[in-house]
1. So which residues in the range 59-77 are touching a strand residue (DSSP E or B) at 6+ places or on another chain (Cβ under 8 Å), part of a loop (DSSP other than H, G, I, E, B) and modelled with pLDDT of 95 or more?
2. Please work out which residue is surrounded by the most Cβ atoms within 10 Å (Cβ to Cβ), limiting yourself to the range 56-81 and to residues that are hydrophobic (A, V, I, L, M, F, W, C) and over 13 Å from GLY29 (Cβ atoms).
3. Scan the range 1-19 residue by residue and report those that are under 14 Å from THR51 (Cα atoms) and surrounded by 16 or more Cβ atoms within 10 Å (Cβ to Cβ).
4. Taking the range 117-142, which residues are modelled with pLDDT of 85 or more, loosely packed, with under 15 Cβ neighbours inside 10 Å and within 16 Å of LEU9 (Cα to Cα)?
5. Could you check GLU132 against (1) within 15 Å of the chain's Cα centre (by Cα); (2) in a loop (DSSP other than H, G, I, E, B) and say which number it fails?
6. Take the range 20-55 and flag every residue that is among the β-branched types (Val, Ile, Thr) and either surrounded by fewer than 18 Cβ atoms within 10 Å (Cβ to Cβ) or part of a strand (DSSP E or B) (or both).
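The values are calculated or read from the model by the stated rules, or taken from the named source; none is laboratory data. These numbers come from a predicted model, not from an experiment. Using ideal geometry, Cβ is built from the backbone for each residue, glycine included, and neighbour counts are taken over all protein chains shown.
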Amino acid sequence: MKSFSARCLVDGEAAGALTVWSTPLSFWGGFDVLSGRVIDRSHPAFGEELTGRVLAMPSGRGSSSASSVLAEAIRLGTAPAAILLTAPDPIITVGAIVARKLYGKACPILVCDLADFHALIEGRRVRIVAREGASRIEAASD
């Protein structure tokens, strides 16, 4: 995986192993804030833990209540370290913004192009630097 730039929706810095999905997740009803695990039995990643990982998926999958679920997961420390999308998602973005405002905790949200998304490698450790005008995703040096 090469380093690439992305559009910042919510700023911050994070590092973690990539979890790459082709199927979107709804945090409302699909994610357990206490365990950090996918609980949507119909999702291909059912049972996977997202805590501290960099989640890459095309988009979110509604409901508007997903914002509050993501904000609570960020507060509890069970959320992904960062979220990388191929299309802006206002619900996920609002959840991360609310967590920053209320709890002072960041979960960077970025949007990348489809070609870069397809170059992501499951399990690869990456570093996210999300800043307006200068965001990037790069292989992490351990």
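1. none
2. Only one residue fits best here, namely ALA79.
3. We begin by selecting, within the range 1-19, every residue under 14 Å from THR51 (Cα atoms); these are 14-19.
Of everything in the range 1-19, those that are under 14 Å from THR51 (Cα atoms) and surrounded by 16 or more Cβ atoms within 10 Å (Cβ to Cβ) turn out to be ALA14, ALA15, GLY16, LEU18, THR19.
4. The one that is modelled with pLDDT of 85 or more, loosely packed, with under 15 Cβ neighbours inside 10 Å and within 16 Å of LEU9 (Cα to Cα): ARG131.
5. With respect to (1) within 15 Å of the chain's Cα centre (by Cα); (2) in a loop (DSSP other than H, G, I, E, B), GLU132 is out only on (1).
6. Result: VAL20, THR23, VAL38, ILE39, THR51, VAL54.
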